[in-house]
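Input: a single structure, listed below in structure tokens.
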Amino acid sequence: MPLKLNATARTQIEALLSLISSSTHAAMSEYEKTGHGIPIPDSSESHPLDNQAGALALRRAIWTLKGACERLCTTLAQPMHTLINRAMPYEAPCLKFVAEEGIADILDITAPDGARGMHINDIATRMKNKADPGKLGQVMLLLSTRGCFQEVSKDVYANNRISLPLLSSNPISSTISLYSGEILQGVTMLPEVLVHPEYASSRTVNRSSFSYLIRNEMENPSYFGWIQANPHAGRRFQRAMLGLRCAVGSSDAVVQVYPWEQLLSPASGKSLLTFCDVGSGPGAVSLALSKSYTNNFRVILQDLPEPLEHAKRLWSTEHPGADVRFVSMDFLKESPMHGQDIYYLSHILVDWPDSDSITILKNVANAMNSSSRLLLHDYVLQHALFDQHPIGSFESSEMALELLLNYGSGTIRPAYVNLMMLALYNSCVRTSEDFIALGRQCGLTLVKIWPLSGTSLIEFRLAS
Ligand SMILES: C[S@@+](CC[C@H](N)C(=O)[O-])C[C@H]1O[C@@H](n2cnc3c(N)ncnc32)[C@H](O)[C@@H]1O
């Protein structure tokens, strides 16, 4: 290679190393700020920051760290090894197995002699559904090699900080089980469905990869139809959403970032905001807002009847005095309650192809008045480019030289979700330009994109 190009390569590698160093120090300092120090690799306890949904500064540092580490490794490793490892995503089925069989719960039981860890024979004996200890050991070996569970001595495993969210008491265990279960099965069908004569060019929900998977189980198959017909899967989906909102820190981020105080200031003349959560599920973000502004938020949760039953139970234990109503609706067929100050749609449009999204948005727009605000809470897709700055939520201009625009693997989740949405609903994660175009077709005009951490709030008003 000519000397000049080699020098450029070296400069880029040095730049990545320096990003790794600075982001590592930034992350360590976030841990130290808590007064509980930096977690050690095989800690058996959670760090207080582990369950803090906000932790925005830590998450930003980790995006950079992961993006830079991955870019450095793929640059210096032999490509064939990078690809072979990527073709073996076997961790997900192992996670599904341990989440559903309650292995973290079994390991949480303290041994009578106080010893740390449990032999795979003992774990197998305590399982509700009996498994072969040797096979269980193969699963545990892969997971512990990737840092989830610790192999404390040969075939003896203990929980560690990474495995603790798998405890059944944590709703994230439902998210893990959902993602590594039927969703993964749907994604696995993609290679077949993407070239299937009846499915390849369709963008309707009942011609998705998941619909193909269940095509012999129901007429007009769709993922939402399937979870309605399978109450166990439906309940797990709602709990998984709770876990997900907690993991992505949506609630804290929405409470902290959007200017609620300003909307409720004396200058605004308003002391009460009416807030309609459309397709609310459990309404995790509404719950956080209602708790933060108990006397200033009048909430309406709107969803299909079954999820609202789940939401009622959650709200009655979490916030018994809340000013909240539960009103069932089908957002494909009807408008939500009219004349509310805020319409909030969290992770709704991402589930639907454009034609259905337009129906949903038009139904919401019909309910809005001239002062209503529509907040779409979704991922905003960034392309893996170096040189284009999309409108709104680009937070990394200083890194554009060293990392891809979307932080590469640092923020891989929107790209994963993009695939997941394709597999489940034939839909996609949208770019800011896509949102603007969608709004325009429904008489809505973009006001602002509020970047949260990982997701964004996309604010619209009725076009004048
Ligand atoms: C991905 S979940 C998002 C839930 C919640 N907004 C959140 O962010 O956690 C999608 C929600 O849309 C609801 N949904 C699906 N089809 C619907 C329909 N036709 N009318 C109303 N709600 C629907 C589901 O029941 C589910 O609660």
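Worth pointing out:
- Alpha-carbon centroids, the range 263-331 and the range 332-358: separation in whole Å: 16 Å
- Ligands, DNA and RNA are left out, and with a 1.4 angstrom probe the accessible area of the range 241-329 is 42 Å² per residue.
- Across the range 185-342, the relative contact order, built from alpha-carbon pairs under 8 Å that are at least six residues apart, equals 17 percent.
- Three-way shape label, the chain, alpha-carbon gyration tensor, a/c 1.5: rounded
- Across the range 201-264, the mean sequence separation of Cα contacts (distance under 8 Å, 6 or more residues apart), normalised by length, yields a relative contact order of 17 percent.
- Here the extension length gained between residue 412 and residue 138 equals 95.9 nm, from 0.36 nm per residue of separation less the Cα-Cα distance.
- Linear extension gain, residue 119 paired with residue 440, 0.36 nm per residue minus alpha-carbon span: 109.5 nm
- For the range 47-129, the per residue solvent-accessible surface stands at 59 Å², with DNA, RNA and ligands left out and a 1.4 Å probe.
- Approximate spin-label separation residue 77-residue 18, in nm, with each point projected 7 Å along Cα-to-Cβ: 2.6 nm
- Highest-first arrangement of 342-354, 38-50, where packing means the average Cβ count within 10 Å: 342-354, 38-50
- Only Lys, Arg, Asp and Glu carry charge here, each on its Cβ (+1 for the first two, -1 for the last two); on that basis the chain has a dipole of about 300 debye about its Cα centre.
- Between residue 90 and residue 463, the contour length at 0.36 nm per residue exceeds the Cα-Cα span by 129.4 nm.
- On the range 127-261, 55 percent of the accessible area sits on carbon and sulfur atoms, based on a 1.4 Å probe.
- Cα-based Lys pair tally, the chain, threshold under 20 Å, eight or more apart or on separate chains: 8
The values are calculated or read from the model by the stated rules, or taken from the named source; none is laboratory data. Keep in mind that what you see is a predicted model, and the values were worked out from it rather than measured. Note that each Cβ is placed from the backbone with ideal geometry, even for glycine, and that neighbours are counted across all protein chains shown. Side chains are part of the model used for accessible areas, which takes the heavy atoms of the whole protein and leaves out ligands, DNA and RNA. Shrake-Rupley method; radii C 1.70, N 1.55, O 1.52, S 1.80 Å.
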